[in-house]
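Just so it is clear, none of the values below were taken in a lab; they were calculated from the coordinates. This one's a predicted model, so the numbers in the text were calculated from it and none came from an experiment. Cβ: placed from backbone, ideal geometry, glycine included. Neighbour counts: every protein chain shown.
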Amino acid sequence: MIGAGLAMAEAVPFAVGLAVAGRDPWAVIVAAANAGNDCDTVALIAGSMAAAWSDDLGAPEDMVATMELVNGIDLGATAADLVDACGLKG
């Protein structure tokens, strides 16, 4: 699949296209991951862009809870800290 490799000239346009077409962050991340090859970078870029346009990641709550537990991170607190650091209102 064109755009599913790691080359910037393919990865970035592919990620932008997914983010613009999908807008649902979780669906965009899953679509990027399912494109095959080395698509974790594409999933990160596309998912981040889609999440910036959304109030909700849309990921299954049990999956988010497991990720937070395993990685020792509170995504809600991290997001609030980023909003504060940018001088934005949450």
**Asked** If you average 1/r over every pair of different alpha-carbon atoms in the chain and take one over that average, what Kirkwood value in Å do you get?
**Response** 13.9 Å
**Asked** Each residue of segment 11-19 in order: what ³J(HN,Hα) in whole Hz does its phi give by Karplus 6.51 cos²θ - 1.76 cosθ + 1.60, θ = phi - 60°, with x for Gly and Pro?
**Response** 5, 5, x, 4, 5, 4, x, 4, 5
**Prompt:** Taking θ as phi - 60°, what are the ³J(HN,Hα) couplings along segment 25-33 by the Karplus curve (6.51, -1.76, 1.60), each to the nearest whole Hz, with x for Gly and Pro?
**Reply:** x, 5, 4, 5, 4, 5, 4, 5, 5
**Asked** What is the magnitude of the charge dipole of the chain about its Cα centre, with +1 placed on the Cβ of each Lys and Arg, -1 on the Cβ of each Asp and Glu, and no other charges, expressed in debye to the nearest 20?
**Response** 320 debye
**Message:** Testing the spin-label approximation: label points 7 Å from Cα along Cα→Cβ at D55 and D40. State their distance in nm.
**Reply:** 3.3 nm
**Complete:** Check: C-alpha center segment 72-90 vs C-alpha center segment 40-55, spacing in Å is 17 Å
**Request:** Only loop residues by DSSP count here, and only those with at most 13 other Cβ atoms within 10 Å; note down the GluC sites (Glu not before Pro) in the chain that meet that.
**Result:** none
